[in-house]
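All remarks here apply to the structure that follows.
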């Protein structure tokens, strides 16, 4: 793992400055290399110097990305030496060879080898240069297999029934399953309230390959008994091409009630007027059935009873004017599927023709988005991806409606939802973390540190679940989830903490009792202090009176007796001492002269 300290960062900046002053290294690599799983691949690296030549200790090193903002060296070779060396204890050890031409060869390529490889040249005064190669690993999935449901499927059911499960195993990158009915793809709908929808999931095998599942739910009509269904897997191959494999076709066994009852009638002859000519039609026991009626079937129909013995006054013919309402197929512009980048915009239009006034509604699921045949979507988010339907209807004719669908795909770099903090009882426990991501194409996940991983898909959200050990490093630094696709990467750190014990109710009661007892003791102490202060004040006053410091002694009373007063105000204060002594000796106090 490469982590730059402040000192290393300063040295790197200084080296860049020296490169600008002295020279530079230009490294050339192949930006993208594609390989099939299990094959060998060679990543070339060449370089050139401008300015001073390389120093004697110049070195070429290969690194691989290892999680967020970190990478690990896997091989190196001195420019002046012979034979490259491979680092030990890396995920590629034992399968790597570094050639004399500084290229990196990897054998038995596996899906987890899909990552970015960096060739770095460090040449002293000549400078430092590097280039990155993106390694892409491909493997074709197995032919899809359909397992039909054992449920009884009835056309009278008010909810959708499970039709079957389609499985395609061991593919890379993530394949896509599509259901077909009569060679036409069914809309990719995940809303369980829809009449036709799919539930998709994905499992990451121990080999790193991906197995995809899709369960089809359908609310059938009677006509579906004659329809052919199959499942197709669509997957990417090298060179930006897309290939497919189809499952075996199958039909549905449907249950439905009796619809018609007939009885015998006299023979009839049916005709229809085509301009001025009568064209005879074939009926059956007085019943004329027109299959797959079109607007060309409109006109005047005549029914004649073939009964030559009937009374001449009895009218044996009738005519009927048949008017056929119609609604043309809905045309969508642009025709799907439509792909747009995150934050972009798209405008969808639909139109049709009908025999009467008609309406056009754009819908996603059960939500109506537009009622004029034009749907404008701006500032696209991942939640805008999905199947949009344009529904046309003739309000004056009950049941006359038609619709067409278009699938919108929103592509962009992954976006990870903010993670919640996880807790364990103690260090060393295992903890389960879920990394929920939106992004297209489906991202690849890297957990640091790694653990037991699995991936599931829920609608437009891809969820990677990792079970890791809550080591000391995990409790300190957390766990990092990184999601990456062709448009970029995103990462979030999951915090893991030890759960703190909550005091029991008894302990809480004890604490409250102690606090209450402490409060009562404080009140008692306060009262005692106040009493002592009051007694001290009385003692001070008494002492001052004894020493003659207070103007309430005998001298004052003599002054009053002699009439020496101020401002004609006379104040007489008596000492209580004589009374106290008299009380103690049962004597009356002696009056002062």
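Evaluating residue 256 against the criteria (1) surrounded by 12 or more Cβ atoms within 10 Å (Cβ to Cβ); (2) under 30 Å from residue 402 (Cβ atoms); (3) modelled with pLDDT of 80 or more leaves one unmet condition, (3). I need every pair where a residue in segment 287-300 that is under 16 Å from residue 320 (Cα atoms) has its Cβ under 9 Å from the Cβ of a residue that is modelled with pLDDT under 85 and assigned to a helix (DSSP H, G or I), sequence separation at least 6 or different chains. As it stands, the answer is 290/297, since those pairs meet every condition given. Checking segment 18-34 against the condition returns a match, with at least one residue being at pLDDT 80 or above, surrounded by 11 or more Cβ atoms within 10 Å (Cβ to Cβ) and assigned to a loop (DSSP other than H, G, I, E, B).
Give the residues of segment 367-400 that are farther than 29 Å from residue 413 by Cα and assigned to a loop (DSSP other than H, G, I, E, B), sorted by residue number. Passing the criteria: 371, 372, 373, 394, 395, 396, 397, 398, 399, 400. Criterion applied to 462, 368, 479 was being closer than 30 Å to residue 355 by Cβ, touching a strand residue (DSSP E or B) at 6+ places or on another chain (Cβ under 9 Å) and modelled with pLDDT of 90 or more, and the one residue passing it is 368. Checked against the criterion of being within 23 Å of the chain's Cα centre (by Cα) and either without any contact (Cβ under 8 Å) to a residue 12 or more places away in the chain or surrounded by fewer than 19 Cβ atoms within 10 Å (Cβ to Cβ) (or both), the candidates 355, 396, 379 yield just one match: 379.
Here residue 160 meets the list (1) modelled with pLDDT of 95 or more; (2) assigned by TED's automatic domain parsing to the domain that holds residue 231 almost entirely, failing just condition (1). Considering segment 463-505, and only residues there that are closer than 21 Å to residue 409 by Cα and touching a residue at least 40 places away in the same chain (Cβ under 8 Å), the residue that is surrounded by the most Cβ atoms within 10 Å (Cβ to Cβ) turns out to be 483. For segment 416-428, the count of residues that are surrounded by fewer than 15 Cβ atoms within 10 Å (Cβ to Cβ), touching a helix residue (DSSP H, G or I) at 6+ places or on another chain (Cβ under 8 Å) and part of a loop (DSSP other than H, G, I, E, B) is nonzero. Residues in segment 150-185 that are under 24 Å from residue 455 (Cβ atoms) and in a loop (DSSP other than H, G, I, E, B): 173, 174, 175. Selection of segment 83-100 for residues being loosely packed, with under 12 Cβ neighbours inside 10 Å and over 21 Å from residue 66 (Cβ atoms) yields 83, 100.
Within segment 72-106, the residues that satisfy the criterion of being assigned to a strand (DSSP E or B) and free of Cβ contacts under 8 Å to residues at least 60 places away in the same chain are 74, 75, 76, 77, 78, 85, 86, 96, 97, 98. Taking residue 112 as the residue in question, decide whether it is within 20 Å of residue 35 (Cβ to Cβ) and under 35 Å from the mean Cα position of the chain (by Cα). Here the answer is yes, as residue 112 does meet what is asked. Restricting attention to segment 186-233, the residues that are touching a residue at least 40 places away in the same chain (Cβ under 8 Å) and assigned to a strand (DSSP E or B) add up to 19.
Would you confirm whether any residue within segment 458-467 is over 13 Å from the mean Cα position of the chain (by Cα), over 26 Å from residue 200 (Cβ atoms) and not in a loop (DSSP other than H, G, I, E, B)? No: segment 458-467 contains no residue that is over 13 Å from the mean Cα position of the chain (by Cα), over 26 Å from residue 200 (Cβ atoms) and not in a loop (DSSP other than H, G, I, E, B). Restricting 205, 234, 223 to residues that are surrounded by fewer than 18 Cβ atoms within 10 Å (Cβ to Cβ), assigned by TED's automatic domain parsing to the domain that holds residue 160, modelled with pLDDT under 95 and in contact with a strand residue (DSSP E or B) (Cβ under 7 Å, 6 or more places away or on another chain) narrows the list to 205. Residues in segment 437-457 include at least one that is more than 12 Å from residue 496 (Cβ to Cβ), out of contact with any strand residue (DSSP E or B) (no Cβ under 6 Å at 6 or more places or on another chain) and surrounded by fewer than 18 Cβ atoms within 10 Å (Cβ to Cβ). Going by the conditions given, is residue 137 touching a helix residue (DSSP H, G or I) at 6+ places or on another chain (Cβ under 7 Å), over 23 Å from residue 409 (Cα atoms) and outside any loop (DSSP other than H, G, I, E, B)? Yes.
The values are calculated or read from the model by the stated rules, or taken from the named source; none is laboratory data. Here the structure is a predicted model, which means the values were calculated and not measured. Glycine also receives a Cβ, built like all others from the backbone with ideal geometry; neighbour counts cover every protein chain displayed.
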